[in-house]
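Structure first, commentary second.
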Amino acid sequence: MKKILTLAAMAILATQAWAQETPATEEAPRKFDKSKLVMGGNIGATFGDFTFIQFSPQVGYAFTRNIVAGAGVNFSYSSQKIRFFNGDESQRYNYGYAGLNVFTRVYPVNFLFLSAQPELNYNWGKIKYKNPPAADVKINGAFIPSLLIGGGLAIPMGNRGQTLLSMQYDVLQNSRSPYGQRAFFNIGFAL
């Protein structure tokens, strides 16, 4: 408790000292500029023995020409069929995810970006066994953290829009992460 109070007092004193050094002729604070809002996100799907459907809208703000940051929501569903050697289905895994993310994209040049996106997703699901004795096993729900790091290309679309092609990797590697244990390709958009 003593450390917290000491840190709080130091932060207040530092703020006061900085405020006293600010010249009296300082410009008026900048106001929120609606034209710097960025809307976008990711939509994805793949079908087959491994099915994955994703919808992740995001809203951000262009703080400078080279830095965009914001937040979004995640919704995804995945299903994976496991087969015997003869091709018959032995079991099926079904997972759902819903969560929140924050993101930052830094553009060293207009068409290249680096990104970081921490997420917290709630995961639930079940395993369905097809062979006797056929049974469903419910997977207990849990909050799963992810930290996506990556980079890619920003391809212009019209006056303000961009298509974002990137490679990302979940550095936290939780066993229940929706992103698996390898780098993955992602297509997003920003308007």
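General remarks:
- Built amide H within the under 5 Å cut-off of Ser90, gap 5+: Ile82, Arg83, Phe84
- Listed values for region 93-105 are Karplus-derived 3J(HN,Hα) couplings in whole Hz (6.51 cos²θ - 1.76 cosθ + 1.60, θ = phi - 60°), namely 9, 10, 10, x, 9, 9, x, 10, 9, 10, 9, 9, 10, and x replaces Gly and Pro.
- For region 172-183, backbone phi angles converted through the Karplus equation (6.51, -1.76, 1.60; θ = phi - 60°) give residue-by-residue couplings of 6, 6, 5, 5, 9, 4, x, 9, x, 10, 10, 5 Hz, Gly and Pro being listed as x.
Since every read-out is calculated from the coordinates, none of them should be taken as a lab result. Quick caveat: nothing in here was measured; it's all calculated off a predicted structure.
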